[in-house]
Amino acid sequence: MSTSSNSILFKNGRVIDPANRRDAIGDVLILNGRVASEGAVVPPDVERVDCTGLVVTPGLIDLHVHLREPGQSAKETIATGARAAAAGGFTTVVCMPNTTPSIDSASVVAWVVEKARAEACVRVLPTGALSKGIAGEEMAPIGALKKAGVVALTDDGRCIQNHELMRRALEYAKMFGLTVMDHCQDYSLVGRGVMHEGYWSTVLGLPGWPAAGEELIVQRNAMLAELTGTPIHCQHLSAAGSVRLLREARQRGVPLSGEICPHHIALTDASLQGYDTNFKMNPPLRSQEHIEALLEGVADGTITILASDHAPHCSFEKEVEFDQAPFGILGLETELGLFLDILVHKRKAIDLNRLVEMYTINPARLLGLDLGTLSPNAPGDVTVLDPGLEWTVDREASFSLSRNTPFHGWELKGRAVRTVVEGRSVWSL
Amino acid sequence: MNIANSRSASESPALGNATPQVRWTRKDLTGLQSLSPEELSLVLDTAAAFKTVGTRHIKKVPALRGKTLVNFFVEPSTRTRVSFELAAERLSADVINMSASGSSLTKGETLKDTALNLQALHADVIVLRHSSAGAAQFLAERLEASVVNAGDGAHEHPTQALLDTFTIRERKGGIAGLHVAIVGDILFSRVARSDIFALTKLGAKVTLVGPSTLVPVELAQLGVNISHDLDALLPELDVINLLRVQHERQHKSYFPSLGEYTALFGLTKARANRLQKDCLVMHPGPINRGVEIDSDVADSSRSVILEQVTNGLAVRMAVLYLCNAARSGEWL
């Protein structure tokens, strides 16, 4: 092995490394898969990438993706999901446990870890179920899951309704230092709801999913995070009240955090007029006032993490009656473009620095991962962005096995142009 | 005019010799929300022409001769299916009836595949009743055949609203300026939504009346009034349209009891006495005697409930004719 394997030099880029408060034109050297310290000697045979006019950041982390394996490999596989992640600029993805079977035992965790090691071109970090079978009735074997390598616990896709079970699971998880991530949905309020409850659900005759169905559980989580001291991360927040409740809880020092997904700020429930199931996701698209509240939450630091909720489904599964179609859309290859376009360029809710922070050090810190920074000796994960690049979303060019995106044909400004994991280029435009 | 006579290819029969102000260009009828007032009037005029067919010695016209119509009822219905079946037969179409229990849907075939199979059999018109909102539009976008919505979830039931509107227009001479109350379970009612679109587009004042749990406030944005006080409204109504209280929804608590519903919103004899003499009493059926409507009131002279059924036939003939002609170019 030569001294310069898994090595690469990014030259002359704008280096944004929020963990180290760095935002300056300069070079980043990855040597033998790790970030080299400044001033390290660059071996002569190292690949040099001219990053003039580009932005060099720590490898981006998507805290919320569904890779569908085991058991749903017609929708996506760990290999294809990882390729989609790389094409979206992500070096690390955190995958959800609602697979078939669910990731609720050490053996399934081991299977995912091994499959990812063999086939995934980016880091795939599994989460474990909080309850057995994600059924919300009994605690999952949290200690065994931790030992097998899960980075967090969640019943994503479902939500534990029994507050006592949630409380005990939180207390138990604390012993292992695991963050709990929650899909906030009160079943009795939401019922069969398939879209935001409001004017459009009424006119379209579709069962409504009221914002209060999310807000109630965000408040529950604020109370239980305070009671137990275990950090709770509220996934894919969609409602104005959720942002308000999260803000209040954080001001009191409660260990509660929240993420948003791009579709919840890019689209409103008016998009449902054609009953196109590519606009059906859970939680649902809401109205403009909710979008404004989410943007405010991002701008004032209430929302600290950006994620995709990448949820591939086969075309034949989606091409059915609206209320019978599965929830969810693709996200990995469009999220960065959408967030850059909307948050940074159009709405100016945050600057590029904040966006990078929300995709790198914030998720890394939430889960206690040694990632998301360009500190010396950190894993050599790097994403190169061209924030001004204009491009058009083409679902047929996706690396995902599925095609369920509502953004086909959208013109966006900004995307990743190169993705590097441990000094290996895994994708470039 | 004689609707059975062949006419020039593109002329609508209903408008006779008058210059048509609007052409019907829709191969499907999935709802009334997108129809213009002129299109609504065109359907009603066409229905008026077809209504005379039912009173003739020979109750058939050849408008759909050689065409195949499939009544595809994924949700059970008797009266709407029978009405469409009879309407199609009066237009000389060949009719096939399919219900969910008799179709492959129960074997796991998707709606799309079942519909494509019907198309492969060269069905010309598919009449769809389905429990999912948007199902008719789903088929309309995927099939060359005409798709007529016979009710999709809580979305729309356009032919019911057209027959309601037809009945009101026939009795009252017009729609504009009338005050129509729609009473009952608005939230889950596809009839209410289609009625709102048809009546407001044609200039009626519409008031939705019912328990606050079943009258979504969002509908005020469609230009209708919302009330929970039926008694206060009674003297000023030109039409009162009572929706069926849906017993099958009682598993969810929207009001305490049928007794309380009737006490607040039932058209009792006492309430009927406070209506104007010529106020029409309507109901899309099937009626629950003694719940939303008193039995004697349902049978009274101001009740047009059975006229609605008769008119439904003419309206459905018009819709089937127009959609088929717009698709095939075969105008009478």
Worksheet entry | Matching entry among A:Ala169, A:Ala129, A:Ala135, A:Ala118 (being more than 29 Å from A:Arg220 (Cβ to Cβ), aliphatic (A, V, I, L, M) and in the same structural domain as A:Pro231 (by TED's automatic domain parsing)) | A:Ala118
Worksheet item: Which ones in region A:59-81 are in contact with a helix residue (DSSP H, G or I) (Cβ under 7 Å, 6 or more places away or on another chain) and in a strand (DSSP E or B)?
Response: A:Leu60, A:Ile61, A:Asp62, A:Leu63, A:Val65
Worksheet, complete the sentence: Within region B:65-86, of all residues that are in contact with a strand residue (DSSP E or B) (Cβ under 8 Å, 6 or more places away or on another chain) and in a helix (DSSP H, G or I), the one farthest from B:Leu118 (Cα to Cα) is B:Thr80
Discussion item. Looking at A:Leu227, A:Leu178, A:Leu256 in this structure, which one is closer than 21 Å to A:Ile142 by Cβ, touching a helix residue (DSSP H, G or I) at 6+ places or on another chain (Cβ under 9 Å), surrounded by fewer than 20 Cβ atoms within 10 Å (Cβ to Cβ) and away from every other protein chain (no Cβ under 14 Å)?
Written reply: A:Leu227
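Matching residues to (1) among the acidic types (Asp, Glu); (2) within 26 Å of A:Leu204 (Cβ to Cβ); (3) touching a residue at least 40 places away in the same chain (Cβ under 8 Å); (4) not assigned by TED's automatic domain parsing to the domain that holds A:Val393:
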site: A:Gly297; (1), (2), (3), (4): no, no, yes, yes
site: A:Gly331; (1), (2), (3), (4): no, yes, yes, yes
site: A:Glu335; (1), (2), (3), (4): yes, no, yes, yes
site: A:Thr360; (1), (2), (3), (4): no, no, yes, yes
Worksheet item: Do we have B:Glu156 as crowded, with 24+ Cβ neighbours inside 10 Å, within 13 Å of chain A (Cβ to nearest Cβ) and more than 19 Å from B:Thr46 (Cα to Cα) here?
Response: yes
Response to the item:
Within region B:107-148, of all residues that are more than 20 Å from A:Phe322 (Cβ to Cβ) and polar (S, T, N, Q), the one farthest from the other protein chains (Cβ to nearest Cβ) is B:Ser146
Practice prompt. Kindly indicate the residue of region B:30-76 that is without any contact (Cβ under 8 Å) to a residue 12 or more places away in the chain and polar (S, T, N, Q) and also nearest to the other protein chains (Cβ to nearest Cβ) among those meeting that condition.
Written response: B:Ser34
Item to complete: Could you tell me which residue of region B:180-203 is farthest from the chain's Cα centre (by Cα), considering only residues that are away from every other protein chain (no Cβ under 14 Å) and within 16 Å of B:Ser36 (Cβ to Cβ)?
Response: B:Gly203
Worksheet item: A:Ala84 versus (1) part of a helix (DSSP H, G or I); (2) surrounded by fewer than 24 Cβ atoms within 10 Å (Cβ to Cβ): which is the lone unmet condition?
Response: (2)
Worksheet item: If you check B:Leu214, B:Leu208, B:Leu219, which single one turns out to be within 14 Å of chain A (Cβ to nearest Cβ), assigned to a loop (DSSP other than H, G, I, E, B) and surrounded by 19 or more Cβ atoms within 10 Å (Cβ to Cβ)?
Response: B:Leu214
Practice prompt. For A:Asp341, state whether it is part of a helix (DSSP H, G or I), within 14 Å of chain B (Cβ to nearest Cβ), crowded, with 18+ Cβ neighbours inside 10 Å and not small (Gly, Ala, Ser).
Written response: no
Response to the item:
Within region A:283-323, restricting to residues that are acidic (Asp, Glu), away from every other protein chain (no Cβ under 14 Å) and not in a helix (DSSP H, G or I), the one that is surrounded by the fewest Cβ atoms within 10 Å (Cβ to Cβ) is A:Asp300
Worksheet item: If you take the residues in region B:159-178 that are outside any helix (DSSP H, G or I) and not aliphatic (A, V, I, L, M), which one is farthest from the other protein chains (Cβ to nearest Cβ)?
Response: B:Gly173
Response to the item:
Scanning region A:219-258 for residues that are of a type outside the set (A, V, I, L, M) and free of Cβ contacts under 8 Å to residues at least 12 places away in the same chain gives A:Gln251, A:Gly253
Worksheet item: Out of region B:183-200, which residues are part of a loop (DSSP other than H, G, I, E, B) and among the acidic types (Asp, Glu)?
Response: B:Asp185
Item to complete: Looking only at region B:273-296, count how many residues are surrounded by fewer than 21 Cβ atoms within 10 Å (Cβ to Cβ), among the aliphatic types (A, V, I, L, M) and either over 20 Å from the mean Cα position of the chain (by Cα) or farther than 18 Å from B:Asp164 by Cα (or both).
Response: 1
Worksheet item: Among B:Thr55, B:Thr110, B:Thr46, B:Thr68, which is surrounded by fewer than 22 Cβ atoms within 10 Å (Cβ to Cβ) and within 28 Å of B:Pro286 (Cβ to Cβ)?
Response: B:Thr55
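The values are calculated or read from the model by the stated rules, or taken from the named source; none is laboratory data. This structure is a prediction, so every number in the text was calculated from the model and none was measured. Cβ sites come from the backbone with ideal geometry, for glycine too, and all protein chains shown count toward neighbours.
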